[in-house]
Each structure stands twice: as C-alpha cells, then as structure tokens.
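Coordinate-derived values only; no laboratory data. Bear in mind that the values here come from a model prediction, so they are computed numbers and not experimental data. Cβ placement follows ideal geometry from the backbone for every residue including glycine, while neighbour counts extend to all protein chains displayed.
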Amino acid sequence: MEYILSLIRDVPDFPKPGIIFKDITPVLGDPKAFEGVIDALERRLEETRVDKIVGIEARGFIFGAALAARMGSGFVPVRKPGKLPSLTDRVTYDLEYGSDALEMQIDSISRDERVLIVDDLLATGGTAEATAELVRRRGGKVAAFGFVIELGFLEGRERLKDERVISLFKF
Ligand code: AMP
C-alpha cells in the first residue's frame, strides 16, 4: 500500500487556484499498483453482496469497471447530462458555487438490486450522495460506497453515513 500511496500525485492549483488535485494517473500507469488497488477494494468488500457497481464519470469508471469484472457484478455508468442514450433519470446537486447534474439509464438498476457506488475520490460527498439518489429512485439498495482516496477534512463520510463507506487512502 505504501508503494501505491507514493504514486498518488498532488497537483496544486488544478483545476482551480487553491485546489490540490489528487492525480491517480501514475497509479493507473503502473500495472502492479493498479492491480493492488483493485485487490484492496475487493478485499474490503469481501463480505458485501453486490449485484451492480455504479461508477461515476470519469475516474469512477476506471476503478468501478475493473472491480466489477473482478467481483462478477454488472457495471453501470453514471454520467454528466446528455452523454447517455435511451431513457435516463437526472439528479441535480449543489456545488460550492452553482449546481451540477448526473444521469443514469432507467433500466440499468432493478428493484432490490444491491449496488456498490464507486469513485476515485470522496471530497464533500455531494457527487456520491446524488448518485445514491439515482439508485434509490430505481428501487436499488446502496450496499456500500467505495473510494480509492478520501479527503477526511471535508467530512464527506458524514453525508453518506447511513451506508458503509470504504476508502483505501485517507488524507
Ligand atoms: P465531492 O462531490 O465533493 O465529494 O467531489 C468528488 C468528485 O470530485 C469526485 O468525482 C472526484 O474525482 C472529484 N474531486 C474533488 N476533489 C478532488 C481532488 N482534490 N482531487 C481529485 N479529484 C477531486
């Protein structure tokens, strides 16, 4: 895990001044580290039954899809508006300044399916919370949230506290 941690790169002032962006591309570029992340997520979720993994655009696709293939569950993309074809549902959520929206295809989750929501990083929890809302509207049950990185000082975990939240690296 130390080795994987050493590959998470801090990029100051990206995408805006004052933000320290946690860049996981060096992890993806290293086969041992990438596999190590998927191994660690799988281990932490060993006892959680999961029918579908929902990955949040865009970095949630990378980890979520790899984990779905490993765990033998289906993969569902949640995307920015206008990207998904066919019938979709949309949720809007507040950002520090303004709001954002996410969409999911309405036939992608069935009633009572157990869903793991995956993203690369948990910050304020707004994105993950909005994704959970899309899942619940379809009758799905959020089994857990899984993140590679958690920015603990933003207390996103508090917002998601009704479900299990796992993260591999806390800052
Ligand atoms: P939030 O909704 O505040 O939890 O933000 C989480 C989303 O924003 C995730 O999709 C992250 O990829 C992205 N994000 C937020 N802060 C950072 C950061 N410091 N470095 C990298 N990605 C971030």
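From the list 102, 154, 160, the one residue that fits, being under 14 Å from the mean Cα position of the chain (by Cα) and either within 29 Å of residue 6 (Cα to Cα) or of a type in the set (D, E, K, R) (or both), is 160.
Rundown of residues vs (1) farther than 15 Å from residue 120 by Cα; (2) within 11 Å of the ligand (Cβ to nearest atom); (3) surrounded by fewer than 17 Cβ atoms within 10 Å (Cβ to Cβ), yes/no style:
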position	(1), (2), (3)
6	yes, no, yes
16	yes, yes, yes
24	no, yes, no
30	yes, no, yes
42	no, no, yes
48	yes, no, yes
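Just to check your reading of the model, which residue among 90, 111, 137 is more than 26 Å from residue 49 (Cβ to Cβ) and over 16 Å from the mean Cα position of the chain (by Cα)?
Details: 111 fails: more than 26 Å from residue 49 (Cβ to Cβ); 137 fails: more than 26 Å from residue 49 (Cβ to Cβ).
Exactly one residue qualifies, and that residue is 90.
So for region 113-122 (the condition being outside any strand (DSSP E or B), without any contact (Cβ under 8 Å) to a residue 60 or more places away in the chain and of a type outside the set (D, E, K, R)), does at least one residue qualify? Checking region 113-122: not a single residue is outside any strand (DSSP E or B), without any contact (Cβ under 8 Å) to a residue 60 or more places away in the chain and of a type outside the set (D, E, K, R). For region 1-44, a residue qualifies if it is of a type in the set (Gly, Ala, Ser) and over 18 Å from residue 166 (Cα atoms), and the qualifying residues are 6, 18, 29, 33. Is there any pair with a first residue in region 126-154 that is touching a residue at least 40 places away in the same chain (Cβ under 8 Å) and within 9 Å of the ligand (Cβ to nearest atom) and a second that is basic (Lys, Arg) and outside any strand (DSSP E or B) whose Cβ atoms are under 9 Å apart and which are 6 or more apart or on different chains, and what are they? Here the result reads 128/159, each pair linking region 126-154 to a residue that is basic (Lys, Arg) and outside any strand (DSSP E or B).
Can you find, within region 78-119, the residue that is surrounded by the fewest Cβ atoms within 10 Å (Cβ to Cβ) among those that are hydroxyl-bearing (Ser, Thr, Tyr) and on the phi < 0 side of the Ramachandran plot?
Within region 78-119, the subset hydroxyl-bearing (Ser, Thr, Tyr) is 86, 88, 92-93, 97, 99, 108, 110.
From what is left, the residues that are on the phi < 0 side of the Ramachandran plot are 88, 92-93, 97, 99, 108, 110.
Numbers: 88: 19, 92: 11, 93: 16, 97: 5, 99: 10, 108: 23, 110: 11.
Within region 78-119, the match that is surrounded by the fewest Cβ atoms within 10 Å (Cβ to Cβ) is 97.
A search for C-beta distances below 7 Å between a residue of region 48-74 that is within 18 Å of residue 26 (Cα to Cα) and any residue that is among the charged types (D, E, K, R) and buried (at least 16 other Cβ atoms within 10 Å of the Cβ), counting only pairs 6+ apart in sequence or on different chains, returns 59/119; 59/120; 60/119; 60/120; 63/120.
Restricting region 93-103 to residues that are without any contact (Cβ under 8 Å) to a residue 40 or more places away in the chain and over 15 Å from residue 124 (Cα atoms), the residue that is farthest from the ligand (Cβ to nearest atom) is 103.
Counted as qualifying within region 1-112 are the strands (runs of 3 or more DSSP E) with 1 or more residues that are farther than 21 Å from residue 142 by Cβ, namely 9-12, 20-23, 99-105.
Do we find that residue 65 is within 13 Å of the chain's Cα centre (by Cα), farther than 14 Å from residue 166 by Cα and surrounded by fewer than 19 Cβ atoms within 10 Å (Cβ to Cβ) in this structure? Show your work before the answer.
Details: within 13 Å of the chain's Cα centre (by Cα): yes; farther than 14 Å from residue 166 by Cα: yes; surrounded by fewer than 19 Cβ atoms within 10 Å (Cβ to Cβ): yes.
So residue 65 fits the description; yes.
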